[in-house]
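The values are calculated or read from the model by the stated rules, or taken from the named source; none is laboratory data. For clarity, every value in this text was computed on a predicted model and none was experimentally measured. Because the Cβ atoms are built from the backbone with ideal geometry, glycine has one as well, and the counts that use them run over all protein chains shown. Ligands, DNA and RNA are excluded from the accessible area calculation, which covers all protein heavy atoms including side chains. Shrake-Rupley method; radii C 1.70, N 1.55, O 1.52, S 1.80 Å.
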Amino acid sequence: MIINNVRLYQPAQAIQTQGLHAVEYQDGKITHIYDQPYEGQEDVIDGRGKVLAPAFNDSHMHLLRFGLLKKELDLTEVTSWAEMKELVENHYDKIQEYDWIFGKGFNDANFTDMDRLLTAEDLSEIHVNAYIYFMHQDGHECVISEKAMELLKKEKDFEKEPEEFKEKDEEGNWTGRFKDTAVHYIKHHFWGRSVEDAKEAIKCATPYLSEVGITSVHTDDINFIGSYDKLWQAYTELEQEGNLPIDVHLHHYIFNIDDLHKYLETNTKRTGDGTDQVKVGSVKIFLDGTQRLHTAAMRNPYPDNPNTHGTLIYDQDQLNEMVKVASENGMQVAMHAIGDRAVEQAVTALGQSEAHTAQLRHRIIHAQTLAPDLIKKLREVKPYIETQPSFLLSEWSEKDKWTPKELVPYCDAYESIRKEHIPMTLSSDLPIGSLDPLESMYAAVTRMDLDGKPEGGWMPQEKLTVDHAFQGFTNLPAELEYKDSEKGRLEAGYQADLVLLDQHPLEVEEDQLHNIQVCRTWHRGKQVYKK
């Protein structure tokens, strides 16, 4: 098959190819790129002068959670407690004692009929004896019912979760609100979905990915199904059935060293192993929380809450051991670290000789708060940094509340990271951030929100070029997969993951980058989306 009459955009090349070309592919791979339009007898798709580019690879998301939002009770649009209750009651035909009620995506800080946040006591208005679990919009907070708390109090391992993540009232009793890894524990232990439930959710999600040109993802899903084996089964069965229009790397989230040992003892597959489309990803470790909740671990107090520095979940020795064991067993490590204290802890662990960071390409997720000394350490160790530029769309105006004034210029320091040759990807953290890679790239290139504020961009010295932003969604994520010579470029021998754009990214005004439209998407040579 040949895609004819297309202009080419190759972000990893310093000099762009001019004129119209033809791209031939067969058996899922690019076989030839012609220097001019094709005039032979092969089957041809007319690109009508549009722009062909490598399809997008999102290196950090929660695909199953996104699919469940589409399939199950979605609370992202509710604006009041009354509306939320009505939505729950309409979704569940009849709520009885001991039923489980799940909902995702609420943000009670914006409720118009409450001047405080929801607690377990409020959830009793839905049903006194039901097990209720509602997840906050950003995934870092939840509220559960009193009945669900009764289950949680029987869980001895939950006692190991940091007390800071368990909200208490003035008398020291749980309110029903939990944060960060405590949320993950509850999801992991009480969210008992079947393989079929997961498959249906994933099938609901993938058309949205194809529509924005995403053909590869790295996803952390285990807490939404409870078992890595069930997760693996869901994705591989979809592949066998021909219902998986993406390549997937499945991370394995661990709570402690025992979880890691259990995986290593019961599974023979290591990072990069698997089927054609479904591979083992990284060992996922949370080092801290989030800045909104003041649980991201900072080296200085929060300016808007000077009584706290946030929370580190592990001490340095514990983290060093987890990274060492994972590395010695061929597992890549991905660490959630938002605050500068957590980033410092991560880079210290990755600096161990036993970590083999250069070989295994370990990664630090977020790294939203840095400083000159941390950038120097990152330059020496060179882990991959996974950034989420779409967060800037809503957070740029909040940064000075969370970060000391002298460190604000080192927040989301994309260009500082890149120019020190620290490898960096762009990603969505779906469903928290924007699904559309072009919107994330807009944020990275302009450092403005979608209303064009602040004018000129927030901390404009950290803007990326369009080429560098596109590389963060194409060839650089392929390196994390050890697929440097197979994915993320328009070259013969590379996987035919392609996207047809209506405009050339280098020819539009940078503040119009997010308005570029995806016209078609191909995954391994198969067209999976056409506008």
Taking the condition of being open to solvent by 10 Å² or more (accessible area, probe 1.4 Å) and under 27 Å from residue 335 (Cβ atoms), how many residues in region 188-211 meet it?
4
Pull out all pairs, ordered by first then second residue, where Cβ-Cβ is under 6 Å, the residues are six or more apart or on different chains, the first lies in region 515-531 and is free of Cβ contacts under 8 Å to residues at least 60 places away in the same chain, and the second is surrounded by 16 or more Cβ atoms within 10 Å (Cβ to Cβ) and basic (Lys, Arg).
530/520
Matching residues, region 506-527, being of a type outside the set (D, E, K, R), part of a strand (DSSP E or B) and buried (at least 20 other Cβ atoms within 10 Å of the Cβ)
518, 521, 522, 523
Looking at residue 276, is it modelled with pLDDT of 95 or more and closer than 30 Å to residue 525 by Cα?
yes
Checking the condition open to solvent by 50 Å² or more (accessible area, probe 1.4 Å) and either part of a helix (DSSP H, G or I) or not β-branched (Val, Ile, Thr) (or both), which residue from 243, 223 passes?
243
Of the criteria (1) open to solvent by less than 10 Å² (accessible area, probe 1.4 Å); (2) assigned to a loop (DSSP other than H, G, I, E, B), which one residue 14 fails
(1)
Could you list all residues from region 464-488 that are farther than 25 Å from residue 251 by Cα and either free of Cβ contacts under 8 Å to residues at least 12 places away in the same chain or surrounded by 22 or more Cβ atoms within 10 Å (Cβ to Cβ) (or both)?
464
Residues of region 444-463 being without any contact (Cβ under 8 Å) to a residue 60 or more places away in the chain and on the phi < 0 side of the Ramachandran plot, which ones?
444, 449, 451, 453, 454, 455, 460, 461, 462, 463
Subset of region 289-339 that is in a loop (DSSP other than H, G, I, E, B) and among the aliphatic types (A, V, I, L, M) - its residue that is most open to solvent (accessible area, probe 1.4 Å)
312
Residues that are open to solvent by less than 30 Å² (accessible area, probe 1.4 Å), without any contact (Cβ under 8 Å) to a residue 60 or more places away in the chain, in a helix (DSSP H, G or I) and small (Gly, Ala, Ser): does region 122-142 have at least one?
no
For region 411-495, which helices (runs of 4 or more DSSP H) that fit wholly inside it have 1 or more residues that are over 20 Å from residue 512 (Cα atoms) and within 22 Å of the chain's Cα centre (by Cα)?
414-419, 475-480
